[in-house]
1. Can you pull out every residue in region 1-15 that is more than 11 Å from the chain's Cα centre (by Cα) and modelled with pLDDT of 95 or more?
2. If you check Phe25 against the conditions, is it surrounded by fewer than 16 Cβ atoms within 10 Å (Cβ to Cβ), part of a strand (DSSP E or B) and not hydroxyl-bearing (Ser, Thr, Tyr)?
3. Hey, Val56 hits all of (1) touching a residue at least 24 places away in the same chain (Cβ under 8 Å); (2) within 15 Å of Leu8 (Cα to Cα); (3) of a type outside the set (Gly, Ala, Ser) but one; which does it fall short on?
4. Among the residues in region 28-39, are any open to solvent by 30 Å² or more (accessible area, probe 1.4 Å) and in a helix (DSSP H, G or I)?
5. Kindly indicate the residue of region 51-67 that is open to solvent by 80 Å² or more (accessible area, probe 1.4 Å) and touching a strand residue (DSSP E or B) at 6+ places or on another chain (Cβ under 7 Å) and also farthest from Asp16 (Cα to Cα) among those meeting that condition.
Amino acid sequence: MNIKDLELETIDCVDDHIVNVYLNFNTGKNYFEGGMSVNATLELDDGNLFVDSIEVESIEDEDEKEVALAYDLKELKNKIEGFLYNVLHYTRVSNTNESELIKAIS
């Protein structure tokens, strides 16, 4: 199974510079069919936030059963970086995802 689309659902602070990112995925059925839990290690460089590494914790279908999916890890890392950037720079009001991300990098 290949992932066609990802959507950020939640961010939770795990530890100093580590967040758990939960993403919904779509494999082409035109609805989000499940989700993946990814731990991302963050790096700050001159005020910019980067994802240094990722570890996929679990991938589950809509019935919460584990599934195997094909996804380029470099592309996934870049996608998560983009989601985190948007949370920090484009959130108009404070939300839980932003608070958890700030807690991890503070």
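The values are calculated or read from the model by the stated rules, or taken from the named source; none is laboratory data. What you are looking at is a predicted structure, and each value in this text was computed from that prediction instead of being measured. Note: ideal-geometry Cβ built from the backbone for every residue, glycine included; neighbour counts use all protein chains shown. Ligands, DNA and RNA are stripped out before the accessible areas are found, and what is left, the full protein with its side chains, is counted by its heavy atoms. Shrake-Rupley method; radii C 1.70, N 1.55, O 1.52, S 1.80 Å.
1. Listed by number, the residues that qualify are Cys13, Val14, Asp15.
2. Details: surrounded by fewer than 16 Cβ atoms within 10 Å (Cβ to Cβ): no; part of a strand (DSSP E or B): yes; not hydroxyl-bearing (Ser, Thr, Tyr): yes.
No, not satisfied.
3. So Val56 meets the others, but not (1).
4. Scanning region 28-39, I find no residue that is open to solvent by 30 Å² or more (accessible area, probe 1.4 Å) and in a helix (DSSP H, G or I), so the answer is no.
5. Glu62
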